[in-house]
Amino acid sequence: MGVKTKRFIMKGKNCSCSMPGVWRALVCCKGAVVIFHSPRACAQLVRSMEVNAQYRVFSYGRKFDWHYDFVPLISTQMEERDSIFGGTERLLECIQFVVDKYQPECIAIGNSCIAGVIGDDVETIGDAAARQFKIPIITVSCYGFLDGEYYQGYFEMAQKLLRTFARPCRRKTKTVVLLGDNGGPWGHYAQEVAYLLNSLGIKILGQFPGYTAIAKIKDLVSAKAVVVLGSAGQADEGLLKLAELFGQFGVGQLPRGLYPIGWTNTQRWILALGELFNCREAAQQLVAMEGHRLLSAGRNFLPVTSGKRVILCIGRPLDYFNPALIIEIIKVLDMNLIKVILLDDYSNKEYKLIWEAIKHSTNILICKSESLDVRLDGDLILTTHELKECPVRQIFLPMLTKAGIGGMIDFMREIYRAFCHRGSRGGITYVW
């Protein structure tokens, strides 16, 4: 009997709402106000998601930086009659209310599905209101689920913010802008990158979009370079295009697609910083320090992990999951990778790419999940998808890989805890 998963999700068309993307692009941009041309529930759902994200930060013991205040999120509160007669008057009234109450430096408008269905010309309304109130009013071309998705709203708003407020200015040496969200300034990725940059004496001017005050966006293009907080997947292409937009202002960047994910890439990333900022010796010293940090942490786990038999189950395309990162951790913990199982639904092209990536990192046996003779033995299974009827403890591999050596240490700690668990052999651990 082959290996079966409880749920199998492969890459497909993203089905999400563009309005949360608009919100995330301005979530803590002091001086901005976001208007949702939508029913009240849309704004309520987005704010609830934000509150839940805060609780998640707290639950993992992270420090939340409270000087990042959320900007006001206002709904036009469209009703049934607006879907018949149109909601333009309601939108104009809402803009007037926002101007009177908040005196914003910028208003951003996110469009709902209803606004798109009834054909409200939000862009024309926004342009007219901008001339009337003499403040920038930025709209996006997508309408909720109707003809857009999260990243379309996020990146379109980010690009328009930069084009609206950025101006060519004098370059500041040894400065960067963090590009992307990935958990915000208090998230693991941004904190790990900040630690590495600070170790090289490089100053962070801000994190964009979402966490730079409107009045300070103009200063971002004075940075020497942007540092993309990427890993893999759909968001990366948008971030790289945003980095190219910074490039039009003369801001540099690291080699395309190079991120501090895993030990090999973290070394390359640090050395690339050394080249870009002319601090090669400091970069080499930092690489040595990070290598010592990784091996020292690994030695603490070796009494439990050394010699353990591990199976790696992969069901994501190479664009979303690089097996080399996990295989590096397996080697540091001195575990024995006994086989790699490729789960169902790979296209021929995706199967070939992931197979070649695995072979580049290890010569271990690669099996297809539908093979009748595949057995789930070993002491631990590292898997991208939860397996059914599995007698061996599983660790679910997250979609977003943590950055730097700190991310590797966190994951090694989860593996250590899985082996120390005194319960039954089965079960699954979800790593955030």
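Working note: Karplus 6.51/-1.76/1.60 with θ = phi - 60° gives segment 288-298 the couplings 5, 5, 5, x, 5, 4, 5, 5, 5, 5, x Hz, where Gly and Pro are set to x.
So what's the back-of-envelope 222 nm ellipticity for the chain, counting only DSSP H runs of four-plus at -39500 (n - 2.57) apiece and dividing by all residues, rounded to 500?
After summing the helix terms and dividing by residue count, I get -14000 deg cm²/dmol.
Remark on Gly184: its backbone amide H falls under 5 Å from none of the residues 5 or more positions apart or on other chains, H modelled at 1.01 Å from N. For the chain, the solvent-accessible area of protein heavy atoms averages 47 Å² per residue (probe radius 1.4 Å; ligands and nucleic acids excluded). Close amide H contacts of Lys339 (hydrogens built in the peptide plane, cut-off under 5 Å, sequence separation of 5 or more or a different chain): Leu312. Exposed loop sites are taken as GluC sites (Glu not before Pro) in a DSSP loop (any state but H, G, I, E or B) with at most 14 other beta carbon atoms within 10 Å; the longest stretch of the chain without one runs 81-369. Using the alpha-carbon centroid of each, what span in Å lies between segment 103-174 and segment 303-324? Distance between centres, Cα-based: 42 Å.
Segment Ala41..Thr164, full-extension length gain: 41.3 nm, with 0.36 nm per residue of separation and the alpha-carbon distance subtracted.
Here the chain is described by how far its Cα atoms reach on the three principal axes: 71, 53, 40 Å, from widest to narrowest. Expressed per residue, the C-alpha convex hull volume of segment 80-194 stands at 148 Å³.
Restricting to DSSP loop positions (anything but H, G, I, E, B) with no more than 11 other Cβ atoms inside 10 Å of their own Cβ, which trypsin sites (Lys or Arg not before Pro) remain in segment 224-328? Counting only loop positions with at most 11 other Cβ atoms within 10 Å, the trypsin sites (Lys or Arg not before Pro) in segment 224-328 are Arg256.
Taking the alpha carbon gyration tensor of segment 159-251, multiplying each eigenvalue by 5 and rooting it gives semi-axes of 19, 16, 12 Å, largest first. For Ile428, the residues 5 or more places off, or on other chains, whose built amide H falls under 5 Å of its own are Gln394.
May I ask for the angle, rounded to the nearest 10°, between helix 150-165 and the longest principal axis of the chain, with both axes built from Cα atoms and the value confined to 0 to 90°? So the helix axis and the longest Cα principal axis differ by about 50 degrees. Over what distance in Å are the Cα centres of segment 346-425 and segment 203-225 separated? Here the two parts' Cα centres lie 39 Å apart.
Karplus-based coupling profile of segment 116-121, in residue order and whole Hz: x, 5, 7, x, 4, 8, with θ = phi - 60° in 6.51 cos²θ - 1.76 cosθ + 1.60 and x standing for Gly or Pro. To test your reading of the geometry: what angle, between 0 and 90 degrees and rounded to tens, separates the Cα axis of helix 234-247 from the longest principal axis of the chain? Compared with the principal axis, the helix lies near 60 degrees. Leaving out ligands, DNA and RNA, what percent of the accessible area of segment 89-188 is carbon and sulfur, probe 1.4 Å? Heavy-atom surface of segment 89-188 belonging to carbon and sulfur, 1.4 Å probe: 52 percent. Rounded to the nearest 20, the Cβ-based charge dipole of the chain about its Cα centre (Lys and Arg +1, Asp and Glu -1) stands at 1400 debye. Largest GNM mean-square fluctuation across Ile364, Ile202, Ile330, computed for the chain with C-alpha springs under 10 Å, falls on Ile364.
Binning the alpha carbon pair distances of segment 183-306 at 10 angstrom intervals from zero yields the distribution 12, 40, 33, 11, 3, 0, expressed in whole percent.
The DSSP beta bridges internal to segment 149-253 are antiparallel in roughly 0% of cases.
The values are calculated or read from the model by the stated rules, or taken from the named source; none is laboratory data. Values in this document were obtained by computation on a predicted structure and should not be read as measured data. Counting neighbours? That spans all protein chains shown, and the Cβs are built from the backbone with ideal geometry, glycine included. SASA here: full protein model, heavy atoms, side chains in, ligands and nucleic acids out. Shrake-Rupley method; radii C 1.70, N 1.55, O 1.52, S 1.80 Å.
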